[in-house]
Amino acid sequence: MLPLFRMLDFRGLSLADAEAAGFHDLAAAAQRCQRCADMSACTRWLKWCGRYGLRPSCPNSGYFERLKEGLRPD
């Protein structure tokens, strides 16, 4: 399984949130995750719930921020 789905959950987002924001954006995020050169760092970080060190650099960090922004009430 891609770390993308666990990272969504860790950031307080759901797959339904991501789907509602646009399937094409979600598909692009999944591709970025799949092609990530450092997926193992993300997997390790998620395993320990971020307790040991800073969040690894993620090609989807902007995507997660846009999703969070879209959920904020006006």
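Every number here is computed from the coordinates shown, using simple stated rules; none is lab data. No experiment lies behind these values; they were computed from the predicted model shown. No Cβ is skipped: glycine too gets one built from the backbone with ideal geometry, and neighbour counts run over all protein chains shown.
Quick one: angle between helix 61-71 and the longest Cα principal axis of the chain, in degrees between 0 and 90, rounded to 10, please. Once rounded, one gets 40 degrees. Taking the C-alpha atoms only, the angle from helix 23-35 to the longest principal axis of the chain is near 10 degrees. With neighbours defined as other Cβ atoms within 10 Å of a residue's Cβ, the residues LEU26, LEU67 order from fewest to most as LEU26, LEU67.
Remark: PHE23, PHE64, PHE5 ranked as PHE23, PHE5, PHE64, counting other beta-carbon atoms within 10 Å and listing the fewest first. Among CYS36, CYS49, CYS58, the largest mean-square fluctuation in a Gaussian network model of the chain, built with springs joining Cα atoms closer than 10 Å, belongs to CYS49.
Quick check on the chain: what are the equivalent-ellipsoid semi-axes from the Cα gyration tensor, as sqrt(5λ), descending, whole Å? It would help to have the intermediate numbers written out before the result.
Values: eigenvalues 84, 43, 20 Å².
So the three semi-axes of the chain are 20, 15, 10 Å.
Remark: relative contact order (the stretch 3-71) = 40 percent; criterion is Cα-Cα distance under 8 angstrom and separation of 6 or more residues.
Within the chain, the trypsin sites (Lys or Arg not before Pro) that combine a DSSP coil assignment with at most 10 other C-beta atoms in a 10 angstrom radius are ARG51.
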